[in-house]
1. Can you find even one residue in region B:166-181 that is closer than 27 Å to B:Val249 by Cα and of a type in the set (A, V, I, L, M, F, W, C)?
2. For region B:234-243, does any single residue satisfy the condition of being more than 14 Å from chain A (Cβ to nearest Cβ) and either under 20 Å from the mean Cα position of the chain (by Cα) or within 19 Å of B:Glu328 (Cα to Cα) (or both)?
3. Working carefully through the options A:Lys242, A:Lys248, find the one that is surrounded by 14 or more Cβ atoms within 10 Å (Cβ to Cβ) and basic (Lys, Arg).
4. Looking only at region B:297-322, filter to residues that are touching a residue at least 12 places away in the same chain (Cβ under 8 Å) and over 22 Å from B:Asp169 (Cα atoms); which one of those is surrounded by the most Cβ atoms within 10 Å (Cβ to Cβ)?
5. I need the full set of residues from region B:186-203 which are surrounded by fewer than 17 Cβ atoms within 10 Å (Cβ to Cβ), more than 14 Å from chain A (Cβ to nearest Cβ) and farther than 20 Å from B:Ile341 by Cα, in order please.
6. Collect the residues in region A:86-100 that are of a type outside the set (D, E, K, R) and free of Cβ contacts under 8 Å to residues at least 24 places away in the same chain, keeping them in residue-number order.
7. For region A:90-144, enumerate the residues that are farther than 30 Å from A:Ser160 by Cα and part of a loop (DSSP other than H, G, I, E, B).
8. I'd like to check something: does region B:257-278 contain any residue that is within 14 Å of chain A (Cβ to nearest Cβ), aliphatic (A, V, I, L, M) and outside any helix (DSSP H, G or I)?
Amino acid sequence: MKVFLIDVALCMGCYACQIACKDEHCGNDWMPYAKPQPDTGQFWGKINEYVRGNIPQVKMSYVFEPCHHCDDAPCILACLVEGGIYRRHDGLVIIDPKKCTGCKSCIDACPYGRIYFNEELNLAQKCTGCAHLLDREWGFKEPRCVDACAPEALKFGEESELSDLISQAEILHPEYGLSPRVYYLNLPKKFIAGTVYSPVDDEVVIGATCTLTGEGDTFTQTTNDWGDFWFDGLKVGTYSLKIETGGKTKTISNISTEKDVGLGDIALDY
Amino acid sequence: MPVSTRFEEYDICAAQGCEGLNSVFIAEQAIKPVDEAKTSWDISLEIANKLEKLGCTGLVEKYTQGKSVEEWMKYGWDTQELSEKSGMTWEQFKKAGLYTTPWDPDWEQRLQDKPGARGFYEDLKANPLQTPTGLLEYESTFLKEHFPDDRERPPVPHYIVGGDGWTHDESLESERTKKYPLLCESNHPRWRFHAEMDDCSWLREIPTCKVKGVDGYMYEPIWLHPTEAAKRGIVNGDIVSMYNERGVVLGGAYVTERIRPGVAYQSHGARMDPISMGPDEYIDRGGANNLICPARTVSQNAAGMVCSGFLVEVEKTDMQALRAKYPEAFARDYDPGCGLIFENWVEGIMEK
């Protein structure tokens, strides 16, 4: 059974996966798995961009999202035609372009929003996991997006062979309960970051001890040579930050991590 | 007349700088020239022929020096003494198609060579740099000698505000910020090479490549911090005008924490799609912001372009007013996938 394994930390947002997907599927007919993807408007493999934090503490996260090829795929159940959407023996979920009537039931059923509608062909279309490439006798046997990924943030392979990494991985929207076959490492969590400075010295404060408490955890960092601290991988919740150096203390309470937090420049009074 | 690609011509090529594997090879013609395409050699030759008819005698002879393309290829082979080095005659090489130079016999010694500036670091007298003093120069001896009075490119580089009486007045500390309070930062584009690939529909779908305006036009993004956008009543996706006294370029607002307050970022290289090119107004819809950058060089003695930072103001564009004033510009055909349309700008295109 095949899986996608995506390490978000390795992705630098080059979009090669999204472009390679279009290169493979736009204008190319890969029956029996897929009719051509329209030139624009569909993203079978899509990069989602997240701008995190606020100036000057900002991070970008890019999360690639193909079809999740769910074990409990709601699109299969929603399809009104017998066998119109089916699962291959390797786990990939395929919309049969020959059987699709264009009723859009599957599009409404997919909570991930990964199915597109082709007006011209009156077809529901989505990522096939490049099943046509996997079936080949020769050449590379992986989806084009995975082949195109220079930092190897995208991996594709046998579930059994990737089980070690899968055990550390997450899925998108586990609350949907659909057992997707796309796993993620290092999905963005929340961060709290800032720069500590002394208004008296007009300098950043190096080596200040920052203690962050909240959601049952306590983390400690010291500010670096630029006076910066950066707590990443936090839960959504409320945190309290204590900054200490040379007998001076500053506490910031009730920091909400609904969104990532850039606290900006924090004056430590001497 | 388009110039042909390397695939359409027969040529000799060299791959250099590959350490042990430098090579000389014949690049076969893979396909016939497409349509009217000609090699740069043939184009120049035809121009020379036409100029001769206008009285520039001897031009063709001067250009070709009596040699054909293949004779010039052989000339390159001969002047590099490649027959001696390779043991192949020109005819044999043409048939073989490839000659790879032998490895440096001292390649093992080369591995011991000191990298980069290591020698200078260890013994700066024995391994001087190529500066007049042989040292790293905080103050340029060369500039001090030749341009001692150039206050805009002084021997010791430092930050200059500029202003009245200077070549440039484009700093955020300038009086001009009263009218143009934002610094336009313009870098090489992330999704194309200068203007190349500005017409690729798959790239234009990427969120920071183009911003789709309400009118369906794909505008070049102008990044603004939320505080700057709010001051101007601009929201993400608005069609906005970035302007100074030199003109106006349009763009699509990308309101983001990824840019500092006080700055408007727009990549350069978006292809020009003029609404008005004077004499009263200069307005470009494509977002070719080189149109509104300072025209003067870096300093009187440094012939660099000043296109990466200059003062502007940004405001929401009154598209209704623009459409009413310049109906012709807005009547042109448009393709969001490639932007400009060739037929809008070139007359006398031959029917296929």
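1. Taking region B:166-181 and keeping what is closer than 27 Å to B:Val249 by Cα, we get B:166-181.
Narrowing further to those that are of a type in the set (A, V, I, L, M, F, W, C): B:166, B:172.
Looking through region B:166-181, at least one residue is closer than 27 Å to B:Val249 by Cα and of a type in the set (A, V, I, L, M, F, W, C).
2. So in region B:234-243, the residues more than 14 Å from chain A (Cβ to nearest Cβ) come out as B:234-235, B:237-243.
Then drop every residue that is not either under 20 Å from the mean Cα position of the chain (by Cα) or within 19 Å of B:Glu328 (Cα to Cα) (or both), which leaves none.
Checking region B:234-243: not a single residue is more than 14 Å from chain A (Cβ to nearest Cβ) and either under 20 Å from the mean Cα position of the chain (by Cα) or within 19 Å of B:Glu328 (Cα to Cα) (or both).
3. Values: A:Lys248 fails: surrounded by 14 or more Cβ atoms within 10 Å (Cβ to Cβ).
When all the criteria are applied, what remains is A:Lys242.
4. Going through region B:297-322, the residues touching a residue at least 12 places away in the same chain (Cβ under 8 Å) turn out to be B:297-302, B:305-317, B:319, B:322.
So of that shortlist, the ones also over 22 Å from B:Asp169 (Cα atoms) come out as B:316-317, B:319, B:322.
Working: B:Lys316: 15, B:Thr317: 23, B:Met319: 17, B:Leu322: 21.
Checked region B:297-322; the qualifying residue surrounded by the most Cβ atoms within 10 Å (Cβ to Cβ) is B:Thr317.
5. Selection gives B:Asn187, B:His188.
6. First, pick out the residues of region A:86-100 that are of a type outside the set (D, E, K, R): A:86, A:89, A:91-95, A:97, A:100.
Across region A:86-100, the qualifying residues are A:Tyr86, A:His89.
7. Step one: of region A:90-144, the residues farther than 30 Å from A:Ser160 by Cα are A:97-105, A:107-108, A:116-124.
A:Pro97, A:Lys98, A:Lys99, A:Cys100, A:Thr101, A:Gly102, A:Cys103, A:Lys104, A:Glu119, A:Glu120, A:Leu121, A:Asn122 - these are the residues of region A:90-144 that are farther than 30 Å from A:Ser160 by Cα and part of a loop (DSSP other than H, G, I, E, B).
8. Here is the first cut: in region B:257-278, the ones within 14 Å of chain A (Cβ to nearest Cβ) are B:257-263, B:265.
Filter once more, keeping what is aliphatic (A, V, I, L, M): B:259, B:263.
Filter again for outside any helix (DSSP H, G or I), leaving B:259, B:263.
Checking region B:257-278: at least one residue is within 14 Å of chain A (Cβ to nearest Cβ), aliphatic (A, V, I, L, M) and outside any helix (DSSP H, G or I).
Coordinate-derived values only; no laboratory data. Please read all numbers here as calculations on a predicted model, not as lab measurements. Here the Cβ is made from the backbone with ideal geometry for all residues, glycine too, and neighbour counts use every protein chain on show.
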